[in-house]
Amino acid sequence: MYVVLLNFAAPLDQVDNFLPDHAVWLAEHYAAGNFLASGRRHTRDGDVIIARAMPRGRLDAILACDPLAVRRLVHHEILEFQASRTSPALAAYAEPVK
């Protein structure tokens, strides 16, 4: 599984202009089962995404299509971990998808 830290690389007013596009992109990946949770950091200097287990290259390709990344408004910091415990509802997402 992954925790993706989105670090804004531009002023918030510039980022805010493209948040609707970012929200559509997020919705697509929730529908595909790639993302499990996401939200803003309290500091408003970035966001967080929790992604299911998958090959790292697949995650990299998904993140490269983030409208904020395409416009170079965000940098993605990826923390990969192997979940040794999950809630029953998340157990299937800890297994890599091919």
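A compact table of results
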| item | result |
| --- | --- |
| Residue list for the stretch 16-67, restricted to those being at pLDDT 95 or above and β-branched (Val, Ile, Thr) | Val24, Val48, Ile49, Ile50, Ile62 |
| Leading residue by the ranking (nearest to Ala10 (Cα to Cα)) among those in the stretch 68-87 that are buried (at least 17 other Cβ atoms within 10 Å of the Cβ) and not β-branched (Val, Ile, Thr) | Leu73 |
| Options Gly39, Gly33; residue that is in a strand (DSSP E or B) and of a type outside the set (A, V, I, L, M) | Gly39 |
| Pairs, first of a type in the set (Gly, Ala, Ser) in the stretch 23-37, second surrounded by 11 or more Cβ atoms within 10 Å (Cβ to Cβ), C-beta under 6 Å, six or more apart | Ala37/Ile50 |
| Scan of the stretch 20-57 for residues that are of a type in the set (Gly, Ala, Ser) and closer than 21 Å to Arg85 by Cβ, ordered by number | Gly33, Ala37, Ala51, Ala53 |
| Total residues in the stretch 42-82, condition charged (D, E, K, R) and part of a helix (DSSP H, G or I) | 3 |
| Residue satisfying all of: in the stretch 13-30; surrounded by 15 or more Cβ atoms within 10 Å (Cβ to Cβ) and among the aromatic types (Phe, Trp, Tyr); farthest from Ala94 (Cα to Cα) among these | Phe18 |
| Residue tally, condition more than 12 Å from Ala69 (Cα to Cα) and surrounded by 12 or more Cβ atoms within 10 Å (Cβ to Cβ), over the stretch 1-11 | 5 |
| Unique match (being within 12 Å of Val4 (Cα to Cα) and surrounded by fewer than 17 Cβ atoms within 10 Å (Cβ to Cβ)) among Gly39, Gly57, Gly46, Gly33 | Gly39 |
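The values are calculated or read from the model by the stated rules, or taken from the named source; none is laboratory data. Just so we're clear, the structure is a prediction, and the values are computed from it rather than from any experiment. Neighbour counts run over all protein chains shown; Cβ positions are idealised from the backbone, glycine included.
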